[in-house]
1. With θ set to phi - 60°, apply the Karplus curve 6.51 cos²θ - 1.76 cosθ + 1.60 along region B:275-281 and write out the HN-Hα couplings as whole Hz, x wherever there is a Gly or Pro.
2. Give the nm distances, rounded to one decimal, from B:GLY155 to the matching residue in every other copy, measuring between label points 7 Å along Cα toward the beta carbon; shortest first.
3. Please average, across the residues of B:280-289, the number of beta carbons from any other chain that are within 10 Å of each residue's own beta carbon, and give a whole number.
4. Considering amide H positions built from the backbone, and no H for Pro or chain starts, which residues 5 or more places from A:GLY249, or on another chain, come under 5 Å of its amide H?
5. With +1 assigned to the C-beta of every Lys and Arg and -1 to the C-beta of every Asp and Glu, and no other charges, what is the dipole magnitude of the protein assembly as shown about the Cα centre in debye, to the nearest 20?
6. From the mean inverse distance of alpha carbon pairs (Kirkwood) and the Cα radius of gyration, derive Rg over Rh for region A:142-210.
7. What ³J(HN,Hα) values, in whole Hz, does the Karplus curve 6.51 cos²θ - 1.76 cosθ + 1.60 give for region A:251-265 when θ = phi - 60°, with x put for Gly and Pro?
8. Given the pairs A:LYS325/B:LYS325; A:LYS223/A:LYS326; B:LYS188/B:LYS326; A:LYS62/A:LYS230, which are separated by over 24 angstrom at their Cα positions?
Number of protein chains: 2
Amino acid sequence: MKKDLYAAILSGGSGERFWPLSTPERPKQFLDVFGGRSLLRQSVERLKGVVPPERILIVTGKALARATYRELPEIPRRNILLEPCRRDTAAAVATACTAVERLGGEKAVTAILTADQLMEDVEAFRRILAQAAKAAAATDAIVTMGVKPSYPATGFGYIKVGRPCGDVFRAERFVEKPDLATAKKYVKSGRYVWNAGMFVWKVSTLKAALAKYAPQLVGITPKDYERLPKISFDYAVMEKAENVLVTAGDFGWDDVGTWSSAGRHLPQDGTGNAVRGGATLLDCSGVVAVAEGAPIAALGLKDVVIVTTRDGVLVAAKDRVQDLKKLLAARNPAGAASSPRQKGRAG
Amino acid sequence: MKKDLYAAILSGGSGERFWPLSTPERPKQFLDVFGGRSLLRQSVERLKGVVPPERILIVTGKALARATYRELPEIPRRNILLEPCRRDTAAAVATACTAVERLGGEKAVTAILTADQLMEDVEAFRRILAQAAKAAAATDAIVTMGVKPSYPATGFGYIKVGRPCGDVFRAERFVEKPDLATAKKYVKSGRYVWNAGMFVWKVSTLKAALAKYAPQLVGITPKDYERLPKISFDYAVMEKAENVLVTAGDFGWDDVGTWSSAGRHLPQDGTGNAVRGGATLLDCSGVVAVAEGAPIAALGLKDVVIVTTRDGVLVAAKDRVQDLKKLLAARNPAGAASSPRQKGRAG
């Protein structure tokens, strides 16, 4: 256990992408469909032996306080930082920085981690986290945890990897989500890694970067949120910062961004379908079927996502699940084709 | 009102083809999704001014007695004939014959009608029923109510129409469900009508036909069912009988045999989908969505049937709904992918 390592887990998800299983009251990080424990719980257990509970902080929405206390009883409640409103990741990271400085001072090293992603190779994650922490402690750089791409993903941002610097590398530049052709080039080149949104810094380093690029965020706490802009940490700081290092390992990372990608992490039925709960599939392939409500019976379908809860039933073409927010926005409680049960569920 | 006309409505459906909305306890004829009233109720109301309630008989399963009493309070309970077990239509027709003879004697004319089909043009139905009844009363023929085909259906049997005989025609022969090419030829020829499974006879005529082709059915009542074979009336009598007449009119008949064909009779959403209950469809076409349970949200689908109840959710390719029985048979309550809630639902 690295004595001086802190971890701040960002747990502010809003729960739209996994509707109807996820809702504003139970966003993605609380779902236990991937591996039996919630993603939030997994993100804490992954730190066992690396960061003790009293040095783990959780940054989450006020409305999720009780659910978080219940899910993570070992984390001291004062370490659970409650955001009164959503202000994106820059505010969350700066709030974590303020809290860590109080606990550990200017030299404390902190890993910003995510609450709603999967990492299949926990040992590799711990090893790479240790490399990043070592580099962050030894330098005045922010060390971002890049992930060696296993396929040409178009859903993630990439980081161009520069020359080695100890165990890690210089980060040359951040690039937005590419189209497929560009993503293929990136993967083929071997010089790009996925931006997993996790990074490690020393309090003094982060404070200096905030002071330079986002001075209104220095020393903030949740009480200051109302006056803050909504802005991501990548945009506010990372893409501008000059001294950024990056890891380039592989720890089986997946952000499980949609029901479609979730299929990979659900039990497989042996005929190309992913099934959880009571579901009978006949002549189906590429189907993701999750039954938490009424059991599913599916016939003759290809590449379709079906999710049932008592509150709603989603049926979507797999290649359209990224438009789930649009679908939820189209649900009009006042409309003729809507039921009263839909009211207030779309959030 | 024709003084001597009786009607026997066959209401023995088992409720598999409209799962999960239909169940053994609520088979298709009790569904009210097509027009607000149940199909059974519609089949009785269609006879208003033609056959009085005391001359309407219902042949149904014992398990459906209470549901039938509730649905048809105006029908005398003694007219509701309860079958102790399923023995197909030959037994049901013969039972109706015995009952009508007791009520009206050998000259009584009876229309065998169905409880689970739609007829859009009730006036035309009544006119053609009157023609058939007149022919049945005047001759010693069984008069079957053929329906002029509106498209080359492959899901119905056909009857070849012969020379005219008063208002109706001689029936030349019964043919099985054809393939599409054959169905097209039938429709083009103008000489074939759909076999709608409805026919009219005088008690003396039917008794003579039963005596000749199925003597074990003469004079039967539900008490005799145990010893009877399972056999359809078409097969037992109709296809063999020599003296069969047929009507050839059009009264907007549809047997609504599957969820796919049901779409035509549900409210249309204006973008090629049929929707009933709480359902939001985005970029869908040809979708049939019926929500009696949790509301449906569907995205990017084409030609899919979605039906939700609290007991189950069906999602099926439209061109596969005829295999629904196979799907229900595949639901294995003991299997790993099944939920306990599925138990005993497949009926």
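1. 10, 9, x, x, 8, 10, 10
2. Computed spacing set for this position: 3.7 nm.
3. So the per-residue partner count for this stretch is 4.
4. Counting only residues 5 or more places away or on other chains, the set is A:LYS148.
5. Values: 102 positive and 72 negative charges, 78 e Å.
I would put it at about 380 debye.
6. Working: Rg = 12.9 Å, Rh = 12.7 Å.
Using only Cα positions, Rg/Rh for region A:142-210 is 1.02.
7. 10, x, 7, 8, 7, 6, x, 9, 4, 5, 6, 4, x, 4, 9
8. Violating the 24 Å limit, Cα to Cα: A:LYS325/B:LYS325; A:LYS223/A:LYS326; B:LYS188/B:LYS326.
No value in this document is a laboratory result; all are computed from the given coordinates. None of these values were measured; they are calculated from a predicted model. A quick note on method: Cβ atoms are made from the backbone with ideal geometry, for glycine too, and the neighbour counts reach across all protein chains shown.
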